[in-house]
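A quick write-up on the structure given underneath.
Laboratory data are not the source of any read-out in this text; all were calculated from the coordinates shown. Everything quoted here is computed from the prediction, not taken from an experiment. Note that each Cβ is placed from the backbone with ideal geometry, even for glycine, and that neighbours are counted across all protein chains shown.
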Amino acid sequence: MIMAASSEQIWKPYYPCDYYKQEYSDCTTVGHRFHSYYVYGEKPECGQWKKDYEACTAWMKTKSEEAKQELLKVEDRHLQQKYYVNPVWPRRVTPPKDWYLPVEEMRQKQKLQQQS
Amino acid sequence: MAHAGENHAAGSEPSTSNQTSASAQDAQAEFFDYEKSDDGAPKREDLGYDLFHGRDKTYRENMTSPYGKFENLFDTYHPRCKTKLTVALKSNPFVKLLLRAMEESGCSMYKDRHFSCEPCSYQVAGGFDPQANQNIISSQGMMNRVLTHELIHAFDHCRGKVDWYNNLQHVACSEIRAANLSGDCSFSGELRRLQLKGVKKHHQTCVWQRAKDSVKVVRNCTDEEAARAVDSVWDTCFNDLAPFHKIPRNKKDAIRAARFRYDYDI
């Protein structure tokens, strides 16, 4: 059994390749095509999902450095979408202060606010 | 992009319409946002709280007679609302995804604290109360969709400093996202409501219309102000799909979005 040296870090893709395959197969269904026409007025671009899947399987097969870089680019794109922040409103760092306060206390606070 | 100018007959939707709204905002025309100040707090009637007339009363006051009332034959019966709420919270993937997204941002939601079933005015099917941080559900049908819509408001409130009271653009942005992602404008829904005036890009028209109407109803502002607000934030907010990765058309899309974000852990 081959054990990696303890100093090496084994890199694994963030998403299993099956994710891209699943999305690609949904993209090519009739329902999604119609939905894309209904929402955007045009056919969906499914080629990108297929390319992502191929990049992922290429790495799984060859484990080469170029395949890894390609896959990193693909994942970067998806993760950027995941962490996209809407510029319309300022972000919160912590949740709202009164989120967990019991309702009665909230009502009292509201009444005090109205009276003042 | 969107057919923003197309005007459908905004029309009297029937009272079973599922036009939802974020509750409690002010009727000011300007878009600028400033720090919310405690002095000069607007009156409760201006904030849209009058649409939710069951809010201040206790359960006993609302339920004057659970047997004799005509409305209780329908989904406006309180225990039915609570049952549907429980089922939706446990099983619907849209709802569960949003709850998980909010947990990630630090706002867990508890059924008895953050959700409330109570009678509302006929114009609204539900609301989000940013002061009490509660979702108000008016016991109509389509619980899942209303819940998703309101949870999107709650999610926005949780992850950003949304100024519900003073900034029309913030409200419009949240309404666009909620109409876009909750299935309010799904093809089958629009077909059933006989609102389809064309298929191509109708989703965008529907979202625009719903967002405008919601902003108008809840902020008590004019049509033009609402339209201006919606148009100004349309591009950024229509394309902000958090926590989904694309505009969901069915439960499978929601489950796949959950897979992308949380590895099915919803």
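Cross-link list B:K82/B:K246; A:K51/B:K251; A:K82/B:K111; A:K43/B:K197: which exceed 23 angstrom alpha carbon to alpha carbon?
Numbers: B:K82/B:K246 30 Å; A:K51/B:K251 26 Å; A:K82/B:K111 27 Å; A:K43/B:K197 20 Å.
Too far apart for the 23 Å limit: B:K82/B:K246; A:K51/B:K251; A:K82/B:K111.
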Handout entry: Computed E for A:K97/B:T222 - FRET, C-beta separation, R0 25 angstrom, nearest 0.05
Key = 0.15
Practice task
Using a 10 angstrom cutoff on alpha carbons, build the Gaussian network for chain A and name the most mobile of A:R77, A:R92, A:R33.
Solution key: A:R92
Exercise for the section: DSSP loop (so not H, G, I, E, B), at most 16 other Cβ within 10 Å: list which GluC sites (Glu not before Pro) in region A:9-91 pass both filters. Expected result: A:E42, A:E45
Fill in the blank from the handout: In region A:7-116, taking the dipole from +1 charges on Lys and Arg beta carbons and -1 charges on Asp and Glu beta carbons about the Cα centre, the listed residue (A:P87, A:G41, A:V30) farthest towards the positive end is A:P87
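With all distinct Cα pairs included, what does the Kirkwood hydrodynamic radius of region A:17-91 come out to in Å, to one decimal, could you say? Write out the running numbers ahead of the final one.
Details: mean 1/r = 0.0711 Å⁻¹.
Taking every pair of different Cα atoms in region A:17-91, averaging 1/r and inverting gives 14.1 Å.
Could you tally the net charge around B:D156, taking each other residue with its Cβ under 13 Å from the Cβ of B:D156, Lys/Arg +1 and Asp/Glu -1?
Numbers: positive: A:R91, A:R92, B:R159, B:K161, B:R177; negative: B:E150, B:D163, B:E175, B:D240.
It works out to a net charge of +1.
Could you tell me the calculated FRET efficiency between A:K73 and A:T29, based on Cβ-Cβ distance and R0 = 22 angstrom, to the nearest 0.05? All intermediate terms of the calculation are to be shown ahead of the outcome.
Numbers: r = 27 Å, r/R0 = 1.22.
For R0 = 22 Å, the calculated efficiency reads 0.25.
Would you tally the net charge around A:C46, using a Cβ to Cβ cut-off of less than 14 Å, leaving A:C46 out, and scoring K and R as +1, D and E as -1? It would help to have the intermediate numbers written out before the result.
Values: positive: A:K21, A:R33, A:K43, A:K50, A:K51, B:K246; negative: A:E23, A:D26, A:E42, A:E45, A:D52, A:E54.
Charge balance near A:C46 sits at 0.
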